[in-house]
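The next block holds one structure in the form of structure tokens; read it before the comments.
The values are calculated or read from the model by the stated rules, or taken from the named source; none is laboratory data. All values reported here derive from a predicted model rather than from experimental measurement. Please note: Cβ atoms are built from the backbone with ideal geometry, for glycine as well, and neighbour counts cover all protein chains shown.
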Ligand code: TRP
């Protein structure tokens, strides 16, 4: 029954609660920090177009597959596969997902820490008055190369994530998201409106929205598809795990649709803030690097009446958005240890949390903190290896598993619970069995080109 916690595992309070929690997982630094950087480095509007297509045809397909699998099995990724195909090597998909999740969290929490640190930077008045791009770049590099500050906030984020997750699914995840996500959304709209009315905004918009198809390449497609998985929290079992808490009477198709739509909308809005502001500050569109968003937001905030207060609010909400994502990343390994290994929730959370922190140390020191890790670009490497390639591999195997091993027929039966008339069933079947696997194989092929470059 809706709203009733029928098992020790917990279920969402309602369909809306699930959508909010899944949206909270999806919306995060991927939309506001990573998406604009990706657009900037991969040809502008062309990337945006490929990205939207990737979300619509590939992301949505995988999202529905993960939710369906999760709800059917009512388990974490490893357990879900074991439930459907006992004692088979397919379980490795689940393990890959768990490792990927820990590795994503390790660098993600570092960046989330930057956002948290920026609350205090803003509050200290660092961004008052007229700001140039040179100034904000300097402030960012001073901040991100200071190991003390970076570790303080990285630790804070991990600590908060551990705290929230140890409280369990319902109380922990649900309540946060309900109130704060809508406020973040309104603030982003406000900032976009301001950015669009800056002098020079049009030049930024052109880069962002007018495609130059000569820039289309295998690399662009690889990054766009990888970013779609990252932004929608796919390919490692987050949505299998979140799906396992959905009630049987909910409509999985419309849930997947809403989450994909909201996530994409926020990413596109973030671009509407970043690119006009970049152009306004006299920079070309294709600058980038890890700090792009952190260099641009202070500029737009300083152009806004009441920017000081809005600035503090913005970085607070960005931190919260990141937290609703970090908790979804930590929830996967924790659900595995609790379900399959009978660990207590507290122990699982603590052990995985500490391990993740240790794995994150090189990333935390790779933005100037320590020359060795900075030269190796550890954070960018982790983002590419785990935040892109691993997710694509994971998604490929999830498609094959759902499409061929579990079987589309069985999956459709599960979808039918809560949605007896699934109109897109043939398109989804085609996508999960052919289109998506082939597209992923195609992009994995292009990794060679990137490794060579
Ligand atoms: N989607 C989140 C973001 O855009 C990050 C995230 C949370 C994630 N859970 C995930 C990415 C699972 C990949 C897989 O910020």
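Scan the range 402-426 and report the pairs whose first residue is on the phi < 0 side of the Ramachandran plot and in contact (Cβ under 8 Å) with a residue 24 or more places away in the chain and whose second residue is part of a loop (DSSP other than H, G, I, E, B) and surrounded by 13 or more Cβ atoms within 10 Å (Cβ to Cβ), with Cβ atoms within less than 6 Å and a gap of 6+ or a chain change.
Close Cβ pairs satisfying both conditions: 405/85; 415/422; 417/248; 419/251.
Give me the residue from the range 184-239 that is surrounded by fewer than 24 Cβ atoms within 10 Å (Cβ to Cβ) and within 16 Å of the ligand (Cβ to nearest atom) and, out of that set, modelled with the lowest pLDDT.
Residue satisfying both the conditions and the ranking: 184.
Looking only at the range 259-281, how many residues end up being over 21 Å from residue 53 (Cβ atoms) and within 15 Å of the ligand (Cβ to nearest atom)?
0
What number of residues within the range 278-290 are farther than 28 Å from residue 363 by Cα and assigned to a helix (DSSP H, G or I)?
Qualifying residue count, the range 278-290: 2.
From the list 304, 313, 318, exactly one residue is under 23 Å from residue 19 (Cα atoms) and modelled with pLDDT under 95. Which is it?
Being under 23 Å from residue 19 (Cα atoms) and modelled with pLDDT under 95 holds for just one of 304, 313, 318, which is 318.
Given the criterion closer than 30 Å to residue 225 by Cβ, modelled with pLDDT under 95 and touching a helix residue (DSSP H, G or I) at 6+ places or on another chain (Cβ under 6 Å), identify the matching residue among 390, 380, 328, 363. Steps first, please.
Numbers: 390 fails: modelled with pLDDT under 95; 380 fails: touching a helix residue (DSSP H, G or I) at 6+ places or on another chain (Cβ under 6 Å); 363 fails: modelled with pLDDT under 95.
Checking each option against the conditions leaves just 328.
Quick check, is residue 293 farther than 24 Å from residue 15 by Cα, within 16 Å of the ligand (Cβ to nearest atom), within 14 Å of the chain's Cα centre (by Cα) and part of a helix (DSSP H, G or I)?
No.
Can you say whether residue 256 is out of contact with any strand residue (DSSP E or B) (no Cβ under 6 Å at 6 or more places or on another chain) and either within 26 Å of residue 132 (Cα to Cα) or more than 16 Å from the ligand (Cβ to nearest atom) (or both), as far as the supplied structure shows?
On the way: out of contact with any strand residue (DSSP E or B) (no Cβ under 6 Å at 6 or more places or on another chain): yes; either within 26 Å of residue 132 (Cα to Cα) or more than 16 Å from the ligand (Cβ to nearest atom) (or both): no.
Here the answer is no, as residue 256 does not meet what is asked.
Evaluate the range 80-89: report whether one residue or more is modelled with pLDDT of 95 or more, crowded, with 24+ Cβ neighbours inside 10 Å and farther than 17 Å from residue 383 by Cβ.
The answer is yes; a qualifying residue exists.
Of the residues 393, 332, 354, only one is on the phi < 0 side of the Ramachandran plot, in a helix (DSSP H, G or I) and over 20 Å from the mean Cα position of the chain (by Cα); which?
354
Given the options 17, 26, 65, name the one that is more than 20 Å from residue 388 (Cα to Cα) and within 19 Å of the chain's Cα centre (by Cα).
17
Out of the residues in the range 7-18 meeting the condition of being part of a loop (DSSP other than H, G, I, E, B) and closer than 24 Å to residue 64 by Cα, tell me which one is modelled with the lowest pLDDT. Break it down into steps so the answer makes sense when it comes.
So the first thing to find is which residues in the range 7-18 are part of a loop (DSSP other than H, G, I, E, B), and the list is 7-14.
Of the ones still in play, those that are also closer than 24 Å to residue 64 by Cα are 7, 9-14.
On the way: 7: 46, 9: 64, 10: 63, 11: 69, 12: 69, 13: 68, 14: 70.
Filtering first and then ranking leaves 7.
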